[in-house]
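The values are calculated or read from the model by the stated rules, or taken from the named source; none is laboratory data. Computed from a predicted model, the values in this text were never measured in an experiment. Cβ coordinates were reconstructed from backbone atoms using ideal geometry, including for glycine residues, and neighbour counts include every protein chain displayed. Protein only, heavy atoms only, side chains kept; ligands, DNA and RNA dropped before computing areas. Shrake-Rupley method; radii C 1.70, N 1.55, O 1.52, S 1.80 Å.
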Amino acid sequence: MNRVYLKTFGCRTNIYDSQIMAQNLKDFVLVESEAEADIVVVNSCTVTNSADSSARSYIAGLQKQGKRVILAGCGAISKGESLFADEKVFGVFGHSEKKNINALLKREERFFAPGDLKSLDETIVEDFSSRSKAFIKIQEGCDFNCSYCIIPSVRGGARSQKEEKILAQVTKLAANGYGEFVLTGTNIGSYGKDTGSSIATLLKRMSLIRGVRRIRLGSLEPVQIDDAFMEILDEPWMERHLHIALQHTSEEMLRIMRRRNALQRDLELFETIAQKGYALGTDFIVGHPGESQALWEEGLENFRRFPITHIHAFTYSKREGTHAATLKGVVNGKEAKSRLKLLEAITEENNYRFRQRHNRNLQVLVEERKGNFQSGYDQFYNRVYIDSPLDLEKEWVEIAQAEVRREGNFAKVAQ
Ligand code: SF4
């Protein structure tokens, strides 16, 4: 009973957390598939109803195969108690218990160890062997109070990782050959608020570490982008893409969603950053209670004014325990879906036009093979498909000029 498979659902923070679990597994063998495993650790996500149901059906499938199932991640906090009580899982452990995974998996009796929502990871991650880039979790938790969001209740309040520990980790990973670093967390823009530092300070210090070539950022909140941050946008080591979560572009909807950002300031911010040649991504929730036809149309009209090239659009998902779950004026699913499709179509057109203007001197870190091509992302976070006889995986490739097609950027790299 010592072969373990780690299944990761959800966000980049969960990818990082799974790496911490892998690194703390001393007396077990990590295997590449459920079939080979005796124990499956499910690092779950609970951000939407569909995230919960994906984890539940995955667990049910494992039970049928007689696997010992351990639930971890955000779902361990939101759904762990009921799944444990219903004997759907052998054990449950919360975020703060990740480091104890080796001892927990040795237990012969069932266990429920939710831990706390105050701690920070101590483990220094040394490797992301299956990936070309390294994820660095710089903070945990969130102090915002968005109406629809369950995350603060499963990740706790915002708290920053020690800066020296982050820099030590980057130094280690850079020495192990990683050049691209993705900063992740629950609300990374709140980094440093509790330690007297800031994300701009951290980025500048990271950029001085030997081997750091490109830094990417997870999602930022518009209200967290200050002058110090704006100053580093011209630095050569900054990716030329930012993901800034708007969630909506109707002033009234932002108020209903208890968001801290405001339409006019958001628009000025996006225009200023776009003028620096940045690609800009965002999050957008459609169908939130109160999103009447009029407020939707107002939001859509404003959305068209934003230079948005990448989008994570979601249909509202009712989460028990959130303020939004108590609100009236729910939008029917079909209508919400069509609103989402419209935002995606507008963004796709923006992205295509952006790539036509930004298809030269692309810096691509090749990540994987996709059919006859090898592919990776350029500095604008656009995927580039490379036709080459060479094995370019984990290599940095400079593309003088890419052929821009609707489905992506294409290039040839000869011998
Ligand atoms: S900023 Fe809002 S949406 Fe994001 S994690 Fe915090 S509460 Fe949730």
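On each of the three principal axes of the Cα atoms of region 360-412, give max minus min coordinate, whole Å, ordered largest first.
The Cα atoms of region 360-412 stretch 22, 19, 17 Å along the principal axes, largest first.
What's the FRET efficiency of L30 with D234 using the Cβ-Cβ distance as r and R₀ = 41 Å, to the nearest 0.05?
Once rounded, the FRET efficiency stands at 0.45.
Could you list, in their original order, any pairs among K106/K172; K67/K106; K276/K341; K7/K67; K7/K64; K137/K337 whose Cα atoms are separated by more than 23 Å?
Cα-Cα > 23 Å for K106/K172; K276/K341; K137/K337; rest within.
If R₀ is 25 angstrom, what is the calculated FRET efficiency for the pair E320 and I346, using the beta carbon separation as r and rounding to 0.05?
Using R0 = 25 Å, I get an efficiency of 0.15.
Considering only protein heavy atoms, what per residue accessible area in square angstrom results for the chain with a 1.4 angstrom probe?
44
First compute the accessible area of region 360-412 with a 1.4 Å probe, then give the percent of it belonging to carbon and sulfur atoms.
41
Given only helices, namely DSSP H runs of n ≥ 4 each adding -39500 (n - 2.57), what is the per-residue ellipticity at 222 nm of the chain, to the nearest 500 deg cm²/dmol?
Here the helix-only value at 222 nm equals -9500 deg cm²/dmol.
Working only with C-alpha atoms, what are the Rg and Dmax values of region 134-357, expressed in angstrom?
18.2, 55
Which order do the peptides 1-11, 277-287 come out in when sorted by mean C-beta neighbours inside 10 angstrom, highest first?
277-287, 1-11
Of all DSSP beta bridges in region 360-412, what percent run antiparallel (nearest 5)?
80
Over region 63-195, what percent of the accessible surface lies on carbon and sulfur atoms, probe 1.4 Å?
Ligands and nucleic acids excluded, carbon and sulfur reach 49 percent.
Taking the DSSP beta bridges in the chain as the whole, what percent of them are antiparallel, to the nearest 5?
Approximately 30 percent, going by the DSSP bridge assignments.
Rank by packing, highest mean first: peptides 370-379, 53-62, with packing defined as the count of other Cβ atoms within 10 Å averaged across residues.
Answer by packing, highest mean first, reads 370-379, 53-62.
Across bins of 20 angstrom width beginning at 0, how are the C-alpha pair distances of the chain distributed, in whole percent?
It works out to 25, 58, 18, 0, in whole percents.
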